[in-house]
Every structure is written in C-alpha cells, then in structure tokens.
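*Asks:* Here it is, the structure, as structure tokens.
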Amino acid sequence: MSRAEILVKVKDAESRAKDYITDAEEKSKAIVANARKESVRMMREAEDQLKAGHDSALAQERAKIASQRNELLKKGEEESERLRVKAANNIPRAKNYLKERFERTVDATTR
C-alpha cells in the first residue's frame, strides 16, 4: 500500500468517525428532548392524580361533616321538642304556684 492510499483511508476513516459523532450528538439531543417531554408529562400526570386525590378526600370530609351536622341538628330538634313538651306539661303547675303565691301575698296583707 502506498502512502497516498493510506492517507486516503485515514481521511475516509476520519470522515466516517466525524459522521458517527454527528449522528451520536443528534441522537443524544433527541433523547434528551424526549426525556424532558416525558418528564413534563409525568409531572402533569402526578399533579393531576394528586389533585384528584385531594379533591376526593375533601369531598369525603365535607360529606362526613354534613352528616355530623345533620345528626346534631336532629338531636337538637328532638331535645327542643322534649323541652317544649315538658314546659307545656309544667304550665298548670306554674299557674297553680303563681296563684298560691299571689293568694298568700294577698292573705298576708289583709291580716
């Protein structure tokens, strides 16, 4: 092999190496760009899942609180009705008590 043939082969090898490096750099850039896109997509999905879980938990707690509120209102209404009935039953006794007190006062002033 002559010197000229060796130089041609070296230049050819250098050219192919340069092409390989250029291709590798382009592939590397494409891989990095895809990885960035994928990471953004994964972050959005994670945020959406987190928000959905948060919204679901919030809705459950609101339903639980509403149930407790309704239960307390029902107990309050029952207690109110019980007190109303008790007060209504005490009206005759209260009238009697007041009448007796009035009569005692009148009796005490007339003696």
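*Asks:* Looking at this structure, is Arg93 modelled with pLDDT under 95, surrounded by 10 or more Cβ atoms within 10 Å (Cβ to Cβ), in a helix (DSSP H, G or I) and more than 16 Å from the chain's Cα centre (by Cα)?
*Replies:* Taking the combined requirement at face value, the residue does not satisfy it.
*Asks:* Another question about this same structure. Within the range 68-90, track down each residue that is exposed (fewer than 10 other Cβ atoms within 10 Å of the Cβ) and basic (Lys, Arg).
*Replies:* Lys86
*Asks:* Looking at the range 3-31, which of its residues are surrounded by 10 or more Cβ atoms within 10 Å (Cβ to Cβ) and of a type in the set (A, V, I, L, M, F, W, C)?
*Replies:* If the condition is that a residue be surrounded by 10 or more Cβ atoms within 10 Å (Cβ to Cβ) and of a type in the set (A, V, I, L, M, F, W, C), then Ile6, Leu7, Val8, Val10, Ala13, Ala17, Ile21, Ala24, Ala30, Ile31 are the ones that fit.
*Asks:* Here's something else I'd like to know. Would you mind stating whether Ile65 is surrounded by 10 or more Cβ atoms within 10 Å (Cβ to Cβ) and of a type in the set (A, V, I, L, M)?
*Replies:* yes
The values are calculated or read from the model by the stated rules, or taken from the named source; none is laboratory data. Source: prediction; values computed, not measured. Note that each Cβ is placed from the backbone with ideal geometry, even for glycine, and that neighbours are counted across all protein chains shown.
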